[in-house]
1. Report, by residue number, each residue of segment 31-46 that is surrounded by fewer than 18 Cβ atoms within 10 Å (Cβ to Cβ) and touching a strand residue (DSSP E or B) at 6+ places or on another chain (Cβ under 6 Å).
2. Of everything in segment 66-84, what is out of contact with any helix residue (DSSP H, G or I) (no Cβ under 6 Å at 6 or more places or on another chain), in contact (Cβ under 8 Å) with a residue 12 or more places away in the chain and more than 8 Å from GLY36 (Cβ to Cβ)? Give them in sequence order.
3. Could you grab me the full set of residues in segment 71-96 that are under 16 Å from GLU13 (Cα atoms) and surrounded by fewer than 18 Cβ atoms within 10 Å (Cβ to Cβ)?
4. So GLU15 fits all but one of (1) under 27 Å from ASN133 (Cα atoms); (2) surrounded by 14 or more Cβ atoms within 10 Å (Cβ to Cβ); (3) over 12 Å from the mean Cα position of the chain (by Cα); what number is the exception?
5. Test each condition in (1) buried (at least 19 other Cβ atoms within 10 Å of the Cβ); (2) modelled with pLDDT of 85 or more for GLN110 and report the one that comes out false.
6. Could you check segment 97-107 and list, in sequence order, the residues that are more than 23 Å from LEU17 (Cα to Cα) and surrounded by 18 or more Cβ atoms within 10 Å (Cβ to Cβ)?
Amino acid sequence: MLHILLVEDDEVEAEALIRAFRRQDFPHPVLVAADGVEALYLLRGGASGGNGQPPLPRPCIVLLDLNMPRMSGVEFLAALRQDQSLKRTIVFVLTTSNRAEDKAAAYNHQIAGYLLKANQGEEFAHLVAMLTNYWRVVEFPPDDHP
């Protein structure tokens with residue numbers, strides 16, 4: 001089973017994406033983290049965070065907004081890639097920023113793709129379809145190798 005972690009501080013956009021997943025009958029769980037700090041907490045769980053919670057099961061795909069409080073998307077990516085147990089996590093950036101600097105910074109942290117939030121309804125439906133196909137076609141890295 002695939003798990004989706006949506007890292008999004010805007011509750012309206014998060015809810016719109018969750019509705020798109022429901023409309024497409026997406027069969028996998030979607031969790032929401034309000035920022036990068038909360039996302040790392042969910043991903044690490046008790047394994048390395050010591051918080052007593054189990055880490056989010058793998059395979060997992062992260063959908064990441066860039067502009068967030070406490071920890072930006074780029075800061076989250078830097079922390080993720082430095083963590084030996086999380087560095088191979090598949091991340092798609094999902095943002096309103098079309099700035100070349102943001103794209104370069106994200107791709108410098110080995111993201112799988114950079115997606116713009118242009119038209120929530122139609123674009124989110126395409127995103128759900130893409131993730132469904134991605135899950136069916138792509139081989140995910142094994143969880144037991146560094």
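The values are calculated or read from the model by the stated rules, or taken from the named source; none is laboratory data. Just so it is clear, the model here is predicted, and its values are computed rather than measured. Here the Cβ positions follow ideal geometry from the backbone for every residue, glycine too, while neighbour counts run over all protein chains shown.
1. LEU31
2. ASN67, PRO69, LEU77, ALA78, LEU80, ARG81, ASP83, GLN84
3. THR96
4. All conditions pass for GLU15, except number (2).
5. (1)
6. ALA105
Rundown of residues vs (1) at pLDDT 90 or above; (2) within 13 Å of the chain's Cα centre (by Cα), yes/no style:
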| site | (1), (2) |
| --- | --- |
| GLN24 | no, no |
| GLY45 | no, no |
| PRO55 | no, no |
| VAL62 | yes, yes |
| LEU66 | yes, yes |
| GLU75 | yes, no |
